[in-house]
Amino acid sequence: MADGEAWLRLAYGRALRQHRLGFAMRRANDLARLWITQGRRDAALRLLDPLAARWREGQETRDLRAAASLLESLRAN
């Protein structure tokens, strides 16, 4: 695993443990984009889908809109 991916995974996990969904979503978007470039579309979908489903407020935040856009493109292909 590359250093960048390891850092993103660590930051994502830390944000989840601290119940900071906004930060977790930002790192999940970063990880998903990385995985998409690596051809790991299913992994990106499995990461983003449940996290986006947990979102209750702030549906128009930049990070959630980015996740929704990624999810839409992943489901379309």
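Some values worked out for this structure:
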{"quantity": "Square roots of 5 times each gyration tensor eigenvalue, C-alpha, the chain, largest first, Å", "calculated": "18, 17, 9"}
{"quantity": "The chain: most fluctuating residue of A44, A32, A53 per GNM, C-alpha cutoff 10 Å", "calculated": "A53"}
{"quantity": "Rounded accessible area per residue of the stretch 1-49, 1.4 Å, Å²", "calculated": "61"}
{"quantity": "Accessible carbon and sulfur surface of the stretch 1-67 relative to its total accessible area, %, 1.4 Å", "calculated": "52"}
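The values are calculated or read from the model by the stated rules, or taken from the named source; none is laboratory data. As the structure is a prediction and not an experimental result, all values here were calculated from the model. What goes into the accessible areas is simple: the full protein's heavy atoms, side chains included, and nothing from ligands, DNA or RNA. Shrake-Rupley method; radii C 1.70, N 1.55, O 1.52, S 1.80 Å.
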